[in-house]
Amino acid sequence: MPVPAPPTVEKSSRRQFLKVGVGFSAAIACSALLPSLTGCSPASTPPQAGMAFLRPADVALFRALLPAVVSELESVDSAQREKRIAAAVQNIDGSIAAMGLNGRAELRKLLDLLASTPLRWALAGLRAPWDQATPEQVRGFLTRWRTSRFETFNAGGVVLVKLTSVGYFVLPDAWAAAGYPGPNPAVYRAIHS
């Protein structure tokens, strides 16, 4: 009796790819369907006051990401920390608003996915809303996504960390922590005179 050949890597990779594709399609469909069934569709949610792109749930996400990504925020006094976080969220909003239409659309899908409670729990491993998540919980979420075998999670984790870091480290108050002494005064005067 002949022994059947084991499945080839090509077939199992294709099968795995199809499973992942179906899973993500179902997750996105649920994220679109669930809020509309409850009457709080995220598509109709306008940006938060003072923001061009970020909705209230997105602001909560980035406010949770900032202390997890920028460790120096833990050592800053609370008034200064709040000021820096608010300024960084404004920078993040401006960066996203300046993106191309396709980039904003893809980022909107990611942010809506993470705003949905059941999907946040299933995909990010966080039951608590973003505004109640600790920096350790958020770091765990980012680590899981950045080390996931799924490229979609990897890319999502990298985008969130990059947006958060750049939004923070363009602040003049944060330059010293990054080792940046600031612009050369002579060059600055020459450019801005």
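The values are calculated or read from the model by the stated rules, or taken from the named source; none is laboratory data. Here the structure is a predicted model, which is why all the values come from computation and not from measurement. Cβ placement follows ideal geometry from the backbone for every residue including glycine, while neighbour counts extend to all protein chains displayed.
Look at (1) buried (at least 17 other Cβ atoms within 10 Å of the Cβ); (2) touching a residue at least 24 places away in the same chain (Cβ under 8 Å) and you find that Ile85 fails only one, number (2).
Exactly one residue out of Arg104, Arg120 is basic (Lys, Arg) and in contact with a Pro (Cβ under 9 Å, 6 or more places away or on another chain), and it is Arg120.
Consider region 180-193. How many of its residues are not charged (D, E, K, R) and not in a loop (DSSP other than H, G, I, E, B)? So that I can check it myself, show each step before the final result.
We begin by selecting, within region 180-193, every residue not charged (D, E, K, R); these are 180-188, 190-193.
Now narrow it down to the ones that are not in a loop (DSSP other than H, G, I, E, B): 185-188, 190-191.
Qualifying residue count, region 180-193: 6.
Select from region 163-193 the residues that are on the phi > 0 side of the Ramachandran plot and touching a helix residue (DSSP H, G or I) at 6+ places or on another chain (Cβ under 9 Å) and list them in ascending order. Break it down stepwise before answering.
Kept after step one, since they are on the phi > 0 side of the Ramachandran plot, are these residues of region 163-193: 179, 182.
Result: Gly182, single match.
Counting the residues of region 104-145 that are assigned to a helix (DSSP H, G or I), small (Gly, Ala, Ser) and within 20 Å of Thr45 (Cβ to Cβ) gives 3.
With respect to the conditions (1) modelled with pLDDT of 90 or more; (2) touching a Phe, Trp or Tyr at 6+ places or on another chain (Cβ under 9 Å), Pro47 lacks only one, and its number is (1).
Kindly check whether there is at least one residue in region 99-116 that is farther than 15 Å from Val159 by Cβ and not aliphatic (A, V, I, L, M). So that I can check it myself, show each step before the final result.
Of region 99-116, the ones farther than 15 Å from Val159 by Cβ are 101, 115-116.
From what is left, the residues that are not aliphatic (A, V, I, L, M) are 116.
Yes, region 99-116 contains at least one residue that is farther than 15 Å from Val159 by Cβ and not aliphatic (A, V, I, L, M).
Answer yes or no: is there a residue in region 175-189 that is under 16 Å from Leu54 (Cβ atoms) and touching a Phe, Trp or Tyr at 6+ places or on another chain (Cβ under 6 Å). Write out each step before concluding.
First, the residues of region 175-189 that are under 16 Å from Leu54 (Cβ atoms): none.
Within region 175-189, not a single residue is under 16 Å from Leu54 (Cβ atoms) and touching a Phe, Trp or Tyr at 6+ places or on another chain (Cβ under 6 Å).
Residue count for region 110-124 satisfying the condition of being out of contact with any helix residue (DSSP H, G or I) (no Cβ under 6 Å at 6 or more places or on another chain), more than 13 Å from Ala60 (Cβ to Cβ) and of a type outside the set (Phe, Trp, Tyr): 3.
In region 101-124, the residues that are among the small types (Gly, Ala, Ser) form Cβ pairs under 8 Å with partners that are not in a helix (DSSP H, G or I), at six or more places apart or across chains, as follows: Ala115/Arg55.
Look at (1) surrounded by fewer than 16 Cβ atoms within 10 Å (Cβ to Cβ); (2) in a helix (DSSP H, G or I); (3) touching a helix residue (DSSP H, G or I) at 6+ places or on another chain (Cβ under 9 Å) and you find that Leu160 fails only one, number (1).
Among the conditions (1) outside any helix (DSSP H, G or I); (2) among the aliphatic types (A, V, I, L, M); (3) surrounded by 16 or more Cβ atoms within 10 Å (Cβ to Cβ), the only one that Ala177 does not satisfy is (1).
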